[in-house]
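Chemist: Handing you this structure, nothing more for now.
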Amino acid sequence: MSEATILAKIILKLQGINAELMPNQVDRDFSGASAWANSDIDAYNETGDLTITANAAAQYCTCPVLSMPTTVGETYLLKFDVANLISTWTIKSFDGTQTIGTVSVAGLQKEFSFVAATTGGLRLVAVANDSSGDFDNFSLVRSPLIGAVHDYERHSRAIAEWILLMTSGGKINGWTAHRESTPVDEDTIATLRLNHTFRLKGYYSVDDAAASGKTFQALVELVRKAFKNDKTLGGTAINSYPVQVELVAIRELMPESNYFVHYAELSLQVEEREWL
């Protein structure tokens, strides 16, 4: 292997933080027979999308836990399209114990951010005796979103150019990863042990009214946890150690720029064996 191979795996880990968590496409877009099930909704059809019409309040249908799994205490972002909406639907966990949100206006990619209180699944519940709607393109990812990811430190003479490189979703939200150092030790008569330190840097727009500091702290935790269950980084290394959060702060992008961002530095120690 090589430093470049390990770095490529680190980038994949970062990009995978917001990977789709609904494993079956048919449960997301109804392109085939899905695992959704009708409980007692009066009119239920999932040909091409999920078309449901109730004739009494509290009627519902479900998507099972295995098709939309969550971990208690983790934060998620649920998205879906809804058209031809009449009245209101409540979005709940599969068991009905957690309310995720209420849909009262049709639109594309409706978003609901929530902290899971159950192991997942979904329940769509009619609020009125005429609740109706066409639901489609469901998606579940971890939240907050990781944003732009770069495999080297980005620099620019113009602050506007750098901001563009680090912008995602209409705000600064980006990460870089690079190899910082590699002390080398003798391992065996035929091998060397390379002790890499990789530096991960994160940037996020400051928006006090939106509690951006809390959002960025949650994002730092997602990055830290992304590596904890893969000591060999997919077989690219012989060992790695827990990611260290070394700094979380607010910094000015350039002296006298009066442009401040949330900033974090994390380090990852990785051991690699090199043959002579």
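Chemist: Within segment 25-55, take every residue that is assigned to a loop (DSSP other than H, G, I, E, B) and among the small types (Gly, Ala, Ser) and give me the one that is surrounded by the most Cβ atoms within 10 Å (Cβ to Cβ).
Modeler: Per the criteria, the residue is Ala54.
Chemist: Filter segment 68-79 down to residues that are touching a Lys or Arg at 6+ places or on another chain (Cβ under 9 Å) and more than 23 Å from Ser132 (Cβ to Cβ) and give me whichever is surrounded by the most Cβ atoms within 10 Å (Cβ to Cβ).
Modeler: Looking at the filtered set, the residue picked out is Tyr76.
Chemist: Are there any pairs with C-beta distances below 7 angstrom linking a residue in segment 82-105 that is within 19 Å of Trp36 (Cα to Cα) to a residue that is among the acidic types (Asp, Glu), with the two at least 6 apart or on different chains, and if so which?
Modeler: Within 7 Å, the pairs are Val82/Asp134; Ala83/Asp134.
Chemist: Limited to segment 228-276, what total is found for residues that are under 20 Å from Glu153 (Cα atoms), at pLDDT 95 or above and not in a strand (DSSP E or B)?
Modeler: Looking only at that region, the number is 1.
Chemist: Select from segment 80-95 the residues that are surrounded by 15 or more Cβ atoms within 10 Å (Cβ to Cβ) and touching a Lys or Arg at 6+ places or on another chain (Cβ under 9 Å) and write down the one among them that is nearest to Met22 (Cα to Cα).
Modeler: For segment 80-95, the residue satisfying everything is Phe80.
Let's see how each residue does on (1) among the acidic types (Asp, Glu); (2) loosely packed, with under 14 Cβ neighbours inside 10 Å:
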position: Ile189; (1), (2): no, yes
position: Tyr203; (1), (2): no, no
position: Ser212; (1), (2): no, no
position: Phe216; (1), (2): no, no
position: Leu219; (1), (2): no, no
position: Leu233; (1), (2): no, no
position: Thr236; (1), (2): no, no
position: Ser240; (1), (2): no, no
position: Glu246; (1), (2): yes, yes
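Chemist: Taking the condition of being part of a strand (DSSP E or B), of a type in the set (Gly, Ala, Ser) and surrounded by fewer than 15 Cβ atoms within 10 Å (Cβ to Cβ), how many residues in segment 102-139 meet it?
Modeler: Residues meeting the conditions: 2.
The values are calculated or read from the model by the stated rules, or taken from the named source; none is laboratory data. No experiment lies behind these values; they were computed from the predicted model shown. Neighbour counts are summed over all protein chains in view; Cβ atoms, including those assigned to glycine, are modelled from backbone coordinates with ideal geometry.
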